[in-house]
Amino acid sequence: MLKHIKNLLKDNLIIIAILITISIAILSLIKIDKQVIQINHLDKFKHAFAYFVLCFTWMLALKKTKTDKKLIVFVCFIYGIVIEYLQVKLTTYRFGEILDVVANTTGILIACLIYFRYFKKN
């Protein structure tokens, strides 16, 4: 069963990466009600996690191609900046923050560290 799931994921990683990219855009631009429990800077951890998943998934999806991993990292970074810019320009209920870009970048860098540490050898 586990092997079947692994093959299914491997064969559909590009689609999964595209869906994650679209999901991040949607979640970043929709209005979300305030949380009942407020935890300081929790949103920064959410940003870091989201961009970790985004970058890591794209690196795995394009692992067998000749796509330079630095290009993937750069595109994920620019994508995060564009999303922050769109929050300012397209919404009245969201704010673009430099700390969000820092959190996004942190997630991207963690994805790079893990990818190059554990998956580059294969």
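What to note about this one:
- Residues S28, S23, ordered by accessible area of protein heavy atoms at a 1.4 angstrom probe radius and largest first, appear as S23, S28.
- Charges were assigned to the Cβ only: +1 to each Lys and Arg, -1 to each Asp and Glu. The resulting dipole of the stretch 63-122 about its Cα centre is roughly 580 debye.
- For the stretch 15-122, convex hull of alpha carbons as volume per residue, Å³: 107 Å³
- Cβ-defined net charge surrounding A50, 14 Å radius [Lys, Arg +1; Asp, Glu -1]: -1
- D11 sits with roughly 110 Å² accessible to a 1.4 Å probe, with DNA, RNA and ligands left out of the calculation.
- Sequentially through the stretch 104-119, phi angles give Karplus couplings (6.51, -1.76, 1.60; θ = phi - 60°) of 4, 5, 4, x, 5, 5, 5, 4, 4, 4, 5, 4, 5, 6, 10, 10 Hz, Gly and Pro residues having no value and appearing as x.
The values are calculated or read from the model by the stated rules, or taken from the named source; none is laboratory data. As the structure is a computational prediction, the values presented were derived from the model and not from experiment. For neighbour counting, all protein chains shown are included, and Cβ atoms are generated from backbone atoms with ideal geometry for every residue, glycine included. Accessible surface is based on the protein model in full, side chains and every heavy atom, while ligands, DNA and RNA are left aside. Shrake-Rupley method; radii C 1.70, N 1.55, O 1.52, S 1.80 Å.
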